[in-house]
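Novice: Would you mind keeping the following structure in view while I ask a few things?
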Amino acid sequence: MPDVPIRLPSNRPADRFYRGGRRITDLRGDPPAGSHEPEDWVASTTHVLGRPGVGETALADGTTLATAVAADPVGWLGEAHVARWGADTRLLTKLLDAGQRLPVHAHPDGDFAQRHLGHAHGKTEAWVILAGGTVHLGLREDIDEQQLRALVDGQRTERLLGLLHAIDVRPGDAVLVPAGRLHAIGEGVLLLEVQEPEDLSILLEWDGFDLDGASDGHLGLGFDVALQAVSRTRLDPDALDALVTRGIVDGPVLPPAASAFFTVDRRPIAGAGALPAGFAVVLVEQGSVVLGGLRLTRGATVVLPAGAGEVEASGSGVLLVARPPSA
């Protein structure tokens, strides 16, 4: 049974379709990233779509985390989690550095992913902002199916982006992105992303990106089917506000609706404390801490197996603690 916290090195899939990565390696104190390594997949049991093994976390003995969890689900995830979810972490955590604005895109929900793709999850996600800028989320007005398809086919990218709400974000803010809602992350934003453990994106624009969106943007379904997963209804200001939190310095940082999918707590450490038992992924957001005997500085990432029990923390710093939904 795994019974100690495990520090994880960077796990950056190469040759992604957008630029970025240097802010991640600066945060983690690693050698500079390549030009197209904008994501660090932390404690990942998920692989990049169409690239088996790529993106999965490897442990020190060479075993993948997915293999380790399958071999001892209770030790990694806890009895209650396994009784509810089986050997499924229900969580993928990433660091993401937008070296350029990401394309307007959306992710399918679980029902669509299961019916059309045979996948166990959709991809609701949330962003905890580490370096600010502008993000885009949800339509400002309704759009019909023909209008949306014309924008995609004509690659009218300025119009697509202009349809979305623009949100200025700063460190400490968080944004919940429900499956189906169109969104984009602006250049310069660095964030911790938590999501359902899938790599499923429907890309509505691709000009200026290192991809063939006409072939690769629709999950192999064709846009006639794929766009059925995209919400075409307006996200009104009150509903948008409910998806954003601002400047939470201690405690749960995501909007309440996120808890059906995942949670993130910000935990200031000043002196001594402890993290509750249970599977978790931890980022040292600030400072220097000792976590379960591991000496960690800013940018370090750790996976906590349920078998480690309550984990002592000491020092002076701030932790971001991501967990799957409660069983």
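The values are calculated or read from the model by the stated rules, or taken from the named source; none is laboratory data. If you're wondering where the values come from, they're calculated on a predicted model, not measured in any experiment. Here the Cβ is made from the backbone with ideal geometry for all residues, glycine too, and neighbour counts use every protein chain on show.
Novice: How do the strands (runs of 3 or more DSSP E) wholly within region 1-106 filter down when requiring 2 or more residues that are touching a Leu at 6+ places or on another chain (Cβ under 6 Å) and closer than 30 Å to ALA308 by Cβ: which remain?
Specialist: 39-42, 92-97
Novice: Condition first: farther than 20 Å from ALA113 by Cβ and without any contact (Cβ under 8 Å) to a residue 12 or more places away in the chain. Now tell me which residues in region 44-57 satisfy that.
Specialist: GLY53
Novice: Being under 24 Å from the mean Cα position of the chain (by Cα), closer than 10 Å to VAL321 by Cα, of a type in the set (Lys, Arg) and not assigned by TED's automatic domain parsing to the domain that holds ALA87, is that true of even one residue in region 261-272?
Specialist: yes
Novice: Something else about it: Considering every residue within region 260-276, establish whether at least one is among the β-branched types (Val, Ile, Thr), part of a strand (DSSP E or B) and under 30 Å from GLY86 (Cα atoms).
Specialist: Looking for residues that are among the β-branched types (Val, Ile, Thr), part of a strand (DSSP E or B) and under 30 Å from GLY86 (Cα atoms), one finds at least one in region 260-276, hence yes.
Novice: OK, next. Please enumerate the residues belonging to region 116-142 that are touching a residue at least 60 places away in the same chain (Cβ under 8 Å), farther than 23 Å from LEU92 by Cα and buried (at least 18 other Cβ atoms within 10 Å of the Cβ).
Specialist: Across region 116-142, the qualifying residue is only LEU139.
Novice: Within region 191-233, can you find the residues that are out of contact with any helix residue (DSSP H, G or I) (no Cβ under 9 Å at 6 or more places or on another chain), closer than 23 Å to ARG19 by Cβ and surrounded by 12 or more Cβ atoms within 10 Å (Cβ to Cβ)?
Specialist: If the condition is that a residue be out of contact with any helix residue (DSSP H, G or I) (no Cβ under 9 Å at 6 or more places or on another chain), closer than 23 Å to ARG19 by Cβ and surrounded by 12 or more Cβ atoms within 10 Å (Cβ to Cβ), then LEU191, LEU192, GLU193, GLN195, ASP199, SER201, PHE209, ASP210, LEU211, ASP216 are the ones that fit.
Novice: Could we say that LEU319 is of a type outside the set (Lys, Arg), not assigned by TED's automatic domain parsing to the domain that holds ALA71 and not in a loop (DSSP other than H, G, I, E, B) here?
Specialist: It is true that LEU319 is of a type outside the set (Lys, Arg), not assigned by TED's automatic domain parsing to the domain that holds ALA71 and not in a loop (DSSP other than H, G, I, E, B).
Novice: Looking at this structure, is ARG101 of a type in the set (Lys, Arg) and under 13 Å from the mean Cα position of the chain (by Cα)?
Specialist: So ARG101 fails the test.
Novice: Every residue in region 234-259 that is exposed (fewer than 13 other Cβ atoms within 10 Å of the Cβ) and part of a strand (DSSP E or B), please.
Specialist: Hit for region 234-259 is GLY251, nothing else.
Residues checked against (1) out of contact with any Asp or Glu (no Cβ under 6 Å at 6 or more places or on another chain); (2) more than 26 Å from ALA280 (Cβ to Cβ); (3) of a type in the set (A, V, I, L, M, F, W, C):
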position	(1), (2), (3)
GLY162	yes, yes, no
VAL169	yes, no, yes
VAL177	no, no, yes
GLU187	yes, yes, no
LEU211	yes, yes, yes
ASP224	yes, yes, no
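Novice: What pairs come up if the first residue lies in region 28-43 and is at positive phi, the second is part of a loop (DSSP other than H, G, I, E, B), and their beta carbons are under 7 Å apart, counting only those six or more places apart or on different chains?
Specialist: Close Cβ pairs (under 7 Å, with a partner that is part of a loop (DSSP other than H, G, I, E, B)) amount to GLY29/GLY299; ALA43/THR57.
Novice: Could you grab me the full set of residues in region 289-310 that are of a type outside the set (Gly, Ala, Ser), within 24 Å of the chain's Cα centre (by Cα) and closer than 13 Å to VAL4 by Cα?
Specialist: Across region 289-310, the qualifying residues are LEU291, VAL302, VAL303, LEU304, PRO305.
Novice: Scan region 291-303 and give yes if some residue there is closer than 18 Å to ASP88 by Cα, of a type in the set (A, V, I, L, M, F, W, C) and not assigned by TED's automatic domain parsing to the domain that holds ASN11, otherwise no.
Specialist: The answer is yes, given that some residue of region 291-303 is closer than 18 Å to ASP88 by Cα, of a type in the set (A, V, I, L, M, F, W, C) and not assigned by TED's automatic domain parsing to the domain that holds ASN11.
Novice: Of the residues GLY315, GLY307, which is surrounded by fewer than 24 Cβ atoms within 10 Å (Cβ to Cβ) and touching a Ser or Thr at 6+ places or on another chain (Cβ under 6 Å)?
Specialist: Residue meeting the stated conditions: GLY315.
Novice: Tell me which of these ALA14 doesn't satisfy, since it passes every other one: (1) surrounded by fewer than 20 Cβ atoms within 10 Å (Cβ to Cβ); (2) in the same structural domain as ASP212 (by TED's automatic domain parsing); (3) over 18 Å from the mean Cα position of the chain (by Cα).
Specialist: ALA14 satisfies every listed condition except (3).
Novice: Just give me the residues in region 267-285 being within 19 Å of PRO171 (Cα to Cα) and either surrounded by 17 or more Cβ atoms within 10 Å (Cβ to Cβ) or in contact with a Ser or Thr (Cβ under 6 Å, 6 or more places away or on another chain) (or both), in sequence order.
Specialist: ARG267, ILE269, VAL282, LEU283, VAL284, GLU285
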